[in-house]
Amino acid sequence: MWNAAVDEKTVRRVLRIIASIPRGTVLSYGEVADRAGLRSARLVGRTLAQTDDDIPWHRVLRADGSPTPHLAAKQTALLRAEGILFRNGRVVV
């Protein structure tokens with residue numbers, strides 16, 4: 001069940017944006033929120049946490065370029081496999 005703050009149309013928009021992130025590229029939760037016209041990056045995180053869709057969730061990072069703490073090892077491994085470099089636990093830009 002979706003949180004009342006995130007309607008189905010918004011969920012689809014967020015998931016489309018995340019699905020369109022090219023391999024070897026990342027966006028922050030805030031960048032996804034901006035592109036989706038949302039007021040809060042937390043809504044992007046909430047949407048990802050509640051979806052079972054097969055989307056490239058690993059390409060969405062925190063604003064400082066670090067991975068989601070509880071998924072850091074898996075997220076980092078997936079991004080490194082796509083050629084993303086990390087230094088001190090953050091994406092090298």
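The values are calculated or read from the model by the stated rules, or taken from the named source; none is laboratory data. This one's a predicted model, so the numbers in the text were calculated from it and none came from an experiment. Reconstructed Cβ throughout: ideal geometry from the backbone, glycine too, with neighbour counts over all protein chains shown.
Among the residues making up the range 69-93, those that are surrounded by 17 or more Cβ atoms within 10 Å (Cβ to Cβ) and assigned to a helix (DSSP H, G or I) are Gln75, Thr76, Leu79.
Candidates in the range 39-80 are the residues that are of a type in the set (S, T, N, Q) and closer than 20 Å to Ala19 by Cβ; of these, the one that is modelled with the highest pLDDT is Gln75.
For Gly24, indicate whether it is in contact with a Gly (Cβ under 6 Å, 6 or more places away or on another chain), at pLDDT 95 or above and of a type outside the set (Lys, Arg). Talk me through it step by step, then tell me what you get.
On the way: in contact with a Gly (Cβ under 6 Å, 6 or more places away or on another chain): yes; at pLDDT 95 or above: yes; of a type outside the set (Lys, Arg): yes.
Against the criterion (in contact with a Gly (Cβ under 6 Å, 6 or more places away or on another chain), at pLDDT 95 or above and of a type outside the set (Lys, Arg)), Gly24 qualifies.
If the condition is being closer than 11 Å to Thr25 by Cα and either polar (S, T, N, Q) or modelled with pLDDT of 95 or more (or both), then the range 81-93 contributes Glu82, Gly83, Ile84, Leu85, Val91.
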